[in-house]
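The values are calculated or read from the model by the stated rules, or taken from the named source; none is laboratory data. Because the structure is a prediction, the values reported are computed rather than measured. So basically every Cβ, Gly included, is an ideal-geometry build from the backbone, and we count neighbours across all protein chains shown. Just so you know, the surface numbers come from the protein's heavy atoms only, side chains and all, with ligands and any DNA or RNA stripped out. Shrake-Rupley method; radii C 1.70, N 1.55, O 1.52, S 1.80 Å.
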Amino acid sequence: MEQELRHRWTRQALQAHSVIKQAYDDQKVAHRAQRNTGKKPIVRPPHEVVLAQTVERLKKENAELRETLRHYDELLIRHVANAIRYGITHEQLEQPIIAPFRQQTDQRQNNQKRK
């Protein structure tokens, strides 16, 4: 890539990006740990790393969706309690929603009716 762009990035320029800096710092810590203990770090295949990241992302998404569902459950309970409190019957709650009129209205007809 360096040959294509004819530009060489400096360490300082790369350190300005927080993601790159964090990856560099993590690698530096791992290298120091290996140097001090003599143990080689566990190298996982790239597909395992991608799968682990996918699992973490899906777990996070699942937790967010569970929270949204819990919020909707609370909202439903509140609406049902208010419907009972204010005397709305079960039949009224079961009625289908009336579809809104979505056709374009003619302004000339509306103006004539008002006069």
Amide hydrogen neighbours beyond the local backbone of I88, cut-off 5 Å, H modeled: none
In segment 1-32, trypsin sites (Lys or Arg not before Pro) in a DSSP loop with at most 16 other beta-carbon atoms within 10 Å: R6, R8
Scattering curve values for the chain, log₁₀ I(q)/I(0), Debye with Cα scatterers, q = 0.12, 0.20, 0.21 Å⁻¹: -0.84, -1.19, -1.20
Solvent exposure of the chain as accessible area per residue, Å², 1.4 Å probe: 104
I want to check a number: in segment 1-64, how many lysine pairs have alpha carbons closer than 25 Å, given a sequence separation of 8 or more or different chains? 5
What number comes out for the charge environment of L51, summing +1 per Lys or Arg and -1 per Asp or Glu over other residues with Cβ under 12 Å away? 0
